[in-house]
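Have a look at the structure below before the remarks.
The values are calculated or read from the model by the stated rules, or taken from the named source; none is laboratory data. Quick caveat: nothing in here was measured; it's all calculated off a predicted structure. Quick reminder, even Gly has a Cβ in these numbers, built from the backbone with ideal geometry, and neighbours come from all protein chains shown. What goes into the accessible areas is simple: the full protein's heavy atoms, side chains included, and nothing from ligands, DNA or RNA. Shrake-Rupley method; radii C 1.70, N 1.55, O 1.52, S 1.80 Å.
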Amino acid sequence: MHLDQLTISILFGTGIQRPEIGAVLDKLPQLKLLDQTTDPQSFVGQHTGLSPDVVLVEMNGESRVPEWLENLPQEMPHTHVLVCSYNREPDFLIRAMQVGIREFLPLPLIQSDLESALNRVRTARRQLAPADNRNGKIIVVTGHKGGVGSTTIAVNLAQALAESSTGRLALIDLGRPFPDVGTFLDQESNYSIVDMIQNVANLDKSFIQRIMQPYGARLSILHGVSDFREQDNIELESLEPIFAILRQMYSFIVIDLSHWLDEFFIRILTEADMVLMLTGLTVPDLRNLKKLWPYTMEWHQDKRKIKIVVNRYDNNCGLQLRDLENILQHPTFATLPSDYPSMMQCLNQGSPLMGAAPRSKIWQSIKEMTSRILQETGDDDHEANGAAAPRKKYWLF
Ligand SMILES: Nc1ncnc2c1ncn2[C@@H]1O[C@H](COP(=O)(O)OP(=O)(O)O)[C@@H](O)[C@H]1O
Ligand SMILES: [Mg+2]
């Protein structure tokens, strides 16, 4: 559909139909009235079809925002909600803003007011339309067992990328059975990848932008699926188109992928441009990794994208990095020190290392690892300026 063509539904919140509103709409070009109702509650509750681009809600000086109107932006994240009213109480306005309603028009409705509001909707849609063929990189953080540090590293890597690269970033929590990113960052959201899968047929950037939760200026988060039954129902076929559109929107997509070895896990690894495979440096860790390693090779043609990261590294005790490298015949990409006090501070504050322990060694190590990732992916400044010499590869094979 052409971007300037908009569909609209009218909800008469006072329960009385006002034909004069429809009459103003009729005069506007490129606007198609889909439906109008005096029973907004059931419209919001039972709406199953394609959502209109715009919902125009008529109210009349109420001081409280009714529940159906509070739910409307959440129920129809594709849709822009415009509220028109004869009077507006400040309490009503504040609450409406909080639930995500940004446009208010005075009644009686003036054609030019409505036209300007619709033009703002069109501008927003145009800004979200594909501008170029940028292709963001997917970085998956995982490990061969729980507790190895996937969530910790994914969260802090996303933050470090936001600090040291220029584009927009997404952090996606695909942790199962317990998605933890929300807990680590003290954030909550009603949306997860399931919402993208359910809308995959008409997925667009505007929908994705609405369900991603902003965290700072350049990072957006998609939280995990907390319902175990929903985790089992994720349709694998939907993942490819979802990642294709995410790559257009973000320069990096960091995924916290827990270690469950199933088809879903393999699909996500296949999508990845880089996989940070976390491990500890103990005998059980190396034994498990040794078992997992040949399978990883079977799933992936290009083992260069798999980067071994030793978490809680202590070079004074026990096994050495060369033991790991001998077993896997693969280099270690980075080591991150153990830092229990800084980690506790993060967990207790619900904040990443940058906020809770900016001077810690582990945060420095994550930043160093991040600049290596930027070098590898060709997204560092040096390369972006076109001044780089051909990159050296350090593979052992
Ligand atoms: N380098 C580290 N030093 C100290 N504690 C760490 C380190 N990395 C992770 N942790 C802690 O280990 C626990 C498990 O980490 P988490 O990121 O939840 O692992 P996973 O997501 O792989 O299950 C958390 O309490 C975290 O704070
Ligand atoms: Mg985790």
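Some points to look at:
- Any hit, the range 187-200, residues being charged (D, E, K, R), within 16 Å of ligand 2 (Cβ to nearest atom) and either open to solvent by less than 10 Å² (accessible area, probe 1.4 Å) or not assigned by TED's automatic domain parsing to the domain that holds HIS80 (or both): no
- Number of positions in the range 64-96 that are open to solvent by 60 Å² or more (accessible area, probe 1.4 Å) and farther than 25 Å from SER192 by Cβ: 9
- Count of the range 293-305 residues, restricted to those that are within 27 Å of GLN375 (Cβ to Cβ) and part of a helix (DSSP H, G or I), is 7.
- Meets criteria (assigned by TED's automatic domain parsing to the domain that holds ILE234, within 11 Å of ligand 1 (Cβ to nearest atom) and modelled with pLDDT of 95 or more) for GLY149: yes
- Hey, SER226 within 16 Å of ligand 1 (Cβ to nearest atom) and among the hydroxyl-bearing types (Ser, Thr, Tyr) or not: yes
- Hits in the range 156-179 - residues which are more than 8 Å from ligand 1 (Cβ to nearest atom) and either open to solvent by less than 10 Å² (accessible area, probe 1.4 Å) or aliphatic (A, V, I, L, M) (or both): ASN156, LEU157, ALA158, ALA160, LEU161, ALA162, LEU169, ALA170, LEU171, ILE172, ASP173, LEU174
Here is a yes/no grid of residues against (1) open to solvent by less than 20 Å² (accessible area, probe 1.4 Å); (2) closer than 18 Å to LEU157 by Cβ; (3) under 24 Å from the mean Cα position of the chain (by Cα):
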residue: ASP323; (1), (2), (3): no, no, no
residue: LEU336; (1), (2), (3): yes, yes, no
residue: ASN348; (1), (2), (3): no, no, yes
residue: PRO358; (1), (2), (3): no, yes, no
residue: TRP363; (1), (2), (3): yes, yes, yes
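- Summed over the range 281-314, the residues that are within 16 Å of ligand 1 (Cβ to nearest atom), modelled with pLDDT under 90 and out of contact with any strand residue (DSSP E or B) (no Cβ under 9 Å at 6 or more places or on another chain) give a count of 0.
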